[in-house]
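Please treat every number below as a calculation from the coordinates, not as lab data. What you see is a predicted model, and the numbers here were worked out from it, not measured in a lab. So basically every Cβ, Gly included, is an ideal-geometry build from the backbone, and we count neighbours across all protein chains shown.
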Amino acid sequence: MLFRKKPGKNKFEFKFSAEMLAVSSDDTAQAALELIRNSNLTGNIYYCYVTDKEGKLAGVVPIRRLITAHKETKISDIMVRNPIRLTADSSADTALEFFLFYKFIAFPVVDEHGKLVGIARANDFIEDTLAIEEKTEHERDDLLKIIGIQLEEFRKPTVLKSAFLRFPYLLFNISSGLACAFITKLFGRTLEEFIFIAFFITIILGLAESIGTQAVAVTLSCLDKTIKLRRLVVYEVLVGTKMGLLCGGLLYFVSIFWIGNRDFSLVLFLTILLTLINASFLGCSLPILFKKIGANPAHASCPLVLAIADIISLTSYFSLGTYMLK
């Protein structure tokens with residue numbers, strides 16, 4: 001039994017197994033047993049289902065009752081009529097409630113007309129549910145690592161322990177902040193002469209961090225899939241380029257009307273374009289690099305990517321401004 005996620009919902013619906021035994025109510029116990037012996041079913045057989053001439057579910061016969069019945073006994077005499085059933089469009093939550101409440105190891109599945117179309121087995125359901133939960137937990141773990149939270153925090157969490165585990169990630173922010181402060185000091189004369197350069201620093205760094213975070217998240221979600229990593233890098237760089245053209249073009253016109261300096265507007269446009277391309281490349285390539293060298297790619301996520309992106313972005317901004325405005 002397989003599951004697929006419903007669009008727009010945090011639920012799953014199941015694709016039931018089509019392997020089942022179905023007999024007519026007029027058949028005998030002997031005929032049903034012969035059907036079982038000659039079947040090629042791979043899964044465990046718990047019930048024999050009974051259908052009418054139109055294929056609609058009419059009853060169910062437990063295998064043990066079928067084995068102990070006289071061979072000439074008709075199925076209609078030993079079957080359980082109007083059995084509990086699931087519908088083909090049931091959700092996994094509904095199926096789970098059925099298994100927990102009724103304690104059956106399998107349920108027949110019918111379509112909207114009541115026709116028997118398959119069965120839902122408890123062992124298949126549990127295996128697939130565990131697989132879904134494992135995948136969900138893996139995605140959650142990656143998300144937590146992206147924002148600098150380690151899983152140890154959820155095991156006997158304490159204030160001191162949480163602070164200790166998060167501190168190494170914050171060191172990246174402290175280091176990049178100090179580096180950016182040093183870079184700003186180096187270009188102090190440019191800032192004194194063109195004070196309006198400082199107005200857009202937060203926008204540039206904010207865009208770099210946003211695009212870098214998005215690229216990391218996309219890359220981590222694709223690492224375990226059959227996707228060519230080189231193509232993924234090219235794709236993310238192209239996305240960063242288009243976003244850079246859009247954001248840079250928008251701020252170009254904003255700065256023209258606000259500052260009135262075309263050279264500076266061009267500096268701002270080029271900086272944003274280069275910043276978003278660089279952040280997209282870093283956010284995509286660093287997790288891939290970490291995976292290739294055997295390290296956990298999630299550790300190459302936001303802290304390191306954003307630190308490098310901030311330093312490169314600020315250096316490019318001040319360098320272009322100093323060169324083009326003077």
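Structure shown: which of LYS185/LYS326; LYS56/LYS103; LYS53/LYS74 lie over 22 Å apart, alpha-carbon to alpha-carbon?
Working: LYS185/LYS326 18 Å; LYS56/LYS103 24 Å; LYS53/LYS74 16 Å.
Check vs 22 Å cut-off fails for LYS56/LYS103.
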For 247-259, 210-222, 45-57, ranked highest to lowest by mean beta-carbon neighbours within 10 Å, the order is 210-222, 45-57, 247-259
In whole Hz, with x marking every Gly and Pro, tabulate ³J(HN,Hα) for the range 76-82 from phi via Karplus 6.51 cos²θ - 1.76 cosθ + 1.60, θ = phi - 60°.
4, 7, 10, 7, 8, 7, 6
Can you find, among CYS180, CYS284, PHE269, the residue farthest towards the positive end of the dipole of the range 175-323? Put +1 on the C-beta of Lys and Arg, -1 on that of Asp and Glu.
CYS284
